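What follows is a single structure, written as structure tokens, with notes after it.
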Amino acid sequence: LLNFGLDFPDFLAAFEHTKNYAYLPDLARIDMLRHQAYHTADETPLTANQIQQIPLEELALSQIQLPKSCYILTSEFKIYSLWKNIHTQTDNEIHIDSVEHTLIYRDDLHVKTTQISKEEYYFLRKIENGCTLGNSLEDTLKEYSDCNTSELFALLINYQLIIYIHKDFK
């Protein structure tokens, strides 16, 4: 039952009666990923104190393991804003035709869903794809010259997204 509904977003994309609502599969994807995040095995994130013990040069050359309950979603629609409107029962007018990025993660037993910037999305994707912390920060700064790299790193710590730091200095 845990995997029930994994194909539902794809079904909505192909279903004749929902094809005119192109945002609907991504909206269903948020709920499906929240369900997956909730049922993921517990992992203990590293504390800020544990991370501070690692020399900066070593940290820059390390790979960061994100929690298995962490999902990063992009949509060509303002899907987070729409999702939030529905779940907070507010009636804000949303012009949905704009790219939006969403971070879904579990904090203890609570699944959190938050909007993230394009810079944060790019950075987290780099981390997720196995780039070192230093390269992830550097590449994000190259792509988005006005971003604040300390805020990107703070995102990992504030949301407790560092499960393991892999240091391989061969």
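The values are calculated or read from the model by the stated rules, or taken from the named source; none is laboratory data. Quick caveat, the model's predicted, so the values are computed rather than measured. Backbone-built Cβ (ideal geometry, glycine too); neighbour counts: all protein chains shown. Quick note on the areas: whole protein, heavy atoms, side chains included, nothing else; ligands and nucleic acids left out. Shrake-Rupley method; radii C 1.70, N 1.55, O 1.52, S 1.80 Å.
Structure notes:
- Protection proxy ranking of 18-31, 50-63 - average other beta-carbon atoms within 10 Å, highest first: 18-31, 50-63
- If you model segment 1-100 as an ellipsoid using its alpha carbon gyration tensor, with each semi-axis the square root of five times an eigenvalue, the axes come out at 34, 18, 13 Å, biggest first.
- Chymotrypsin sites (Phe, Trp or Tyr not before Pro) within segment 108-170, DSSP loop, no more than 14 other Cβ atoms inside 10 Å: Phe169
- A viscosity of 1.567 mPa s and a temperature of 4 °C, combined with the Kirkwood radius over Cα pairs in Stokes-Einstein, give a translational diffusion coefficient for segment 62-123 of 101 µm²/s.
- Residues in segment 46-65 reached by a label modelled at Tyr164 [backbone nitrogen below 20 Å; 7 Å Cα→Cβ]: 46-55, 58-65
- Quick note on the chain: its Rg to Rh ratio, both from C-alpha atoms and Rh being the Kirkwood radius, is 1.01.
- Cross-link table Lys84/Lys142; Lys78/Lys167; Lys19/Lys84; Lys142/Lys167, entries beyond 29 Å C-alpha to C-alpha: Lys84/Lys142; Lys78/Lys167
- Gain on full extension, evaluated as 0.36 nm per residue between Ser150 and Glu16 minus their Cα-Cα distance, stands at 43.6 nm.
- Translational diffusion of segment 94-152, µm² s⁻¹ [Kirkwood Rh, Cα pairs; Stokes-Einstein; 10 °C; 1.306 mPa s]: 125 µm²/s
- For the pair Thr47 and Leu141, the difference between a 0.36 nm per residue extended length and the Cα-Cα distance amounts to 31.3 nm.
- Accessible area in square angstrom per residue, the chain, 1.4 angstrom probe: 62 Å²
- Span from the segment 1-59 Cα centroid across to the segment 123-143 one, whole angstrom: 20 Å
- Percentage relative contact order, segment 1-122, counting C-alpha pairs under 8 Å, at least six apart: 24 percent
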